Amino acid sequence: MDALTSLLDGFGTALTPVNILWAAVGVLLGTAIGVLPGIGPAMAVALLLPVTYGLDPIGAFIMFAGIYYGAMFGGSTTSILLNTPGESAAVVAAMEGNPMARSGRGAQALAAAAIGHFAGGMVGTVLLVALAPTVAELAVGIGAPDYFAIMVLAFIAVTSVLGSSRVRGLASLLIGLTIGLVGLDQMTGQQRLTFGSLQLADGVDVVIVAVGLFAIGEALWVAAHLRRGPGEPIPVGRPWLGRSDLRRTWKSWLRGPFIGFPFGAIPAGGAEIPTFLSYVTEKRLSKHRDEWGKGAIEGVAGPESAASASAAGTLVSMLTLGLPTTAVAAVMLAAFQQYGIQPGPLLFEHEPDLVWGLIASLFVGMVLLLALNLPLAPLWAKLLRIPRPYLYAGIMFFAAVGAYAVGGEVIDLVILLVIGLIGLGMRRYGLPVLPAVIGVILGPGAEQQLRRALQISDGSVTGLVNTPFAVTVYAVIVVLLAWPLLKRLAARARTARSV
Amino acid sequence: MTTPPTGTPHSTGTPHPTGTPHPTDTPPAPAADRGSWLRNHSELGVCVLLLALGVLVLTDALTMDVDIAQRGPVGPRTVPVVVGAGLLLIAALLAVDVLRGGRGQAEAGEDVDLSEPADWRTVLLLTGVFLGSAVLIEPLGFPAAGALLFWGAAFALGSRRHDRDPLVAAVLSLVTYAVFNNLLGVPLPGGPLMGVL
């Protein structure tokens, strides 16, 4: 009940003309960005971080949330019409959606995806409203050791669950932690890795790191391997669904969120796993199994719904625990830091206007997205024809604007370029970018919490594990670390039995 | 990040997708093959960089003067020492993985074509354009330097529409300047050009 009244207050915030405007700007930008090849939602939010210097936090976060959801919407358009999914979450949409488009059912595929996102986002956001305050209440008493445990969990999860190689994930995390060390030590004011430079004493701004790794790194990497003659998008009309399609898809739309939401809330790689799980589920339950691989509409509806719901799940852990489970959440966390706001259980107490306004704006954004995407889809599809040189030149341009706006210093642009070159090297040698970003964003906080916890316990290591919450989190970490080993043991047992 | 997690660090033994020749499993022939061996194992360069970074972090931490400022049992030195040691360890582990035939998978993307060899000339040009604009931003002001950055980058990326490119660059740069400077309240240097207008 309490959550409902808060939500109503939230709608009071979200439905002011200015905030509706920000939500609309967010979903429009987000959809455009999702449709544009080469720009993911994380890069988009990173490129827009500089607006936080001139905007109030509520407006900024309403816009960021709109971008997150909008990019999910737009991403499926690229997959369906171009068959070159750039983000892992959109891979599944291409598997059935592109064959549909090629056989002339592109309009239906786009409609199934758009309504799927709407359904998934709605159900996911309702779950967010229902669960987030409870989680926040449970976690409200957590102290330094618990925060440290959560951050260690984020580090371990991002390196060992995502990506194909743990060593490379850890290498990336350590690079991020090193960048995070630069500057004055927060507790003693000691200079670290500054080499006597005044500019470095303030540390490397998170905005510059995020923009450098996500935007400059990506633009340079694409420049090195630019596809000659990009693929031709399949022309498409206005999305619509016939009655027989509706009969096939409504269950998929409703099933998707229950797969997507839990996976979004845990650090398991965002939408990648749940979209795939939803695909497999829908395939197993389908009455038209012969159509799979040739364009089964359930294979678009279910996974897309799961993808949007996972975005809502991501927001649960980000808002209540300050635990980012995806790249977008990590960059949004950086935005919170820019405002000096610490996401976590106390956020619901300290910033109720912000949190509930943000959540209510998700509903507003969802309606705007559906209203925009169904009629405007053919227009969005035109964005796929943008000349690639303009696209990537534009990314470099806005990255430079963002970095320069941080402090108006040319040295920031040089640091940005250096970090961009690091990002280029990381992409070339398969080091995932996300662990580095998480390392920069959470590293300094983790060190502070660690030292605070040890200060309280007077240096005794038991001070890190003296709460049930922290012990639980460490147990989860042990399971995550042991997972490959367990899997190998299980596989060995299975082969032993079959022999 | 598009591949499903496979668990062990040594399971990335797929041949390198960036057009370099396939890893040679033949016994190392002298001299002539050394170049291609190095090219196949260029990832060892990443290990060297990680190693250097680790040494740097450790040296910085150990030469730190902490007596004056120590508060609490854990000083400003502890975490850098752990991170530095971690970097050394990971550099070694990565080297082992590479020598055993493990390869990092180059990242795929919508506009990325990994079947062609990398075009480092474009990257170099882009880097130059970016640095040039960074230097020019104070004397020329943001609108001019930004337009040069966009035009130069588009040129480096292969756009040759000499009628359209500068126009797009100028409009984009001016609009961005106006939005940031006047609407969002983030000051950008106007330069002499804005002084005239």
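Go through the residues of segment A:429-438 one by one and say whether even a single one is assigned to a helix (DSSP H, G or I), facing chain B (nearest Cβ under 9 Å), under 23 Å from the mean Cα position of the chain (by Cα) and free of Cβ contacts under 8 Å to residues at least 60 places away in the same chain. Checked against the condition, which is being assigned to a helix (DSSP H, G or I), facing chain B (nearest Cβ under 9 Å), under 23 Å from the mean Cα position of the chain (by Cα) and free of Cβ contacts under 8 Å to residues at least 60 places away in the same chain, segment A:429-438 yields no hits at all.
A:ALA400 falls short of the stated requirement of being touching a residue at least 12 places away in the same chain (Cβ under 8 Å) and closer than 30 Å to B:LEU93 by Cβ.
If the requirement is being farther than 15 Å from A:PRO50 by Cβ, in a helix (DSSP H, G or I), facing chain B (nearest Cβ under 8 Å) and touching a Ser or Thr at 6+ places or on another chain (Cβ under 7 Å), which of these qualifies: A:LEU454, A:LEU417, A:LEU424?
From the options A:LEU454, A:LEU417, A:LEU424, the qualifying one is A:LEU417.
The set of residues in segment A:172-228 that are small (Gly, Ala, Ser) and open to solvent by 10 Å² or more (accessible area, probe 1.4 Å) comprises A:GLY180, A:GLY189, A:GLY196, A:SER197, A:ALA201, A:GLY203.
In the set (1) buried (at least 22 other Cβ atoms within 10 Å of the Cβ); (2) facing chain B (nearest Cβ under 8 Å); (3) not polar (S, T, N, Q), A:LYS487 fails one condition alone, (1).
When restricted to residues that are buried (at least 22 other Cβ atoms within 10 Å of the Cβ), touching a Leu at 6+ places or on another chain (Cβ under 8 Å) and modelled with pLDDT under 85, segment A:377-397 contains 3.
Of the residues making up segment A:121-157, those that are within 14 Å of chain B (Cβ to nearest Cβ), open to solvent by 10 Å² or more (accessible area, probe 1.4 Å) and either closer than 30 Å to A:GLY430 by Cβ or not in a helix (DSSP H, G or I) (or both) are A:PHE148, A:MET151, A:VAL152, A:PHE155, A:ILE156. Scanning segment B:110-159 for residues that are among the aliphatic types (A, V, I, L, M), at the interface with chain A (Cβ under 8 Å from one of its Cβ atoms) and over 21 Å from the mean Cα position of the chain (by Cα) yields one hit, B:ILE137.
The residue list A:ALA393, A:ALA400, A:ALA405 contains one member that is of a type outside the set (S, T, N, Q), facing another protein chain (nearest Cβ under 8 Å), in contact with a Pro (Cβ under 7 Å, 6 or more places away or on another chain) and under 30 Å from A:ALA224 (Cα atoms), which is A:ALA405.
The residue that is modelled with the highest pLDDT, among those in segment B:172-193 that are among the β-branched types (Val, Ile, Thr) and buried (at least 17 other Cβ atoms within 10 Å of the Cβ), is B:THR176.
The residues in segment B:160-177 that are outside any helix (DSSP H, G or I) and within 8 Å of chain A (Cβ to nearest Cβ) can be counted, and the count is 0. Applying the condition of being of a type in the set (S, T, N, Q) and within 28 Å of A:LEU333 (Cβ to Cβ) to segment A:445-484 and asking which residue is most open to solvent (accessible area, probe 1.4 Å) yields A:ASN466.
The values are calculated or read from the model by the stated rules, or taken from the named source; none is laboratory data. In this text, all values refer to a predicted model and were calculated from it rather than measured experimentally. All Cβ positions, even for glycine, are placed from backbone atoms using ideal geometry, and neighbour counts span all protein chains on display. Side chains are part of the model used for accessible areas, which takes the heavy atoms of the whole protein and leaves out ligands, DNA and RNA. Shrake-Rupley method; radii C 1.70, N 1.55, O 1.52, S 1.80 Å.
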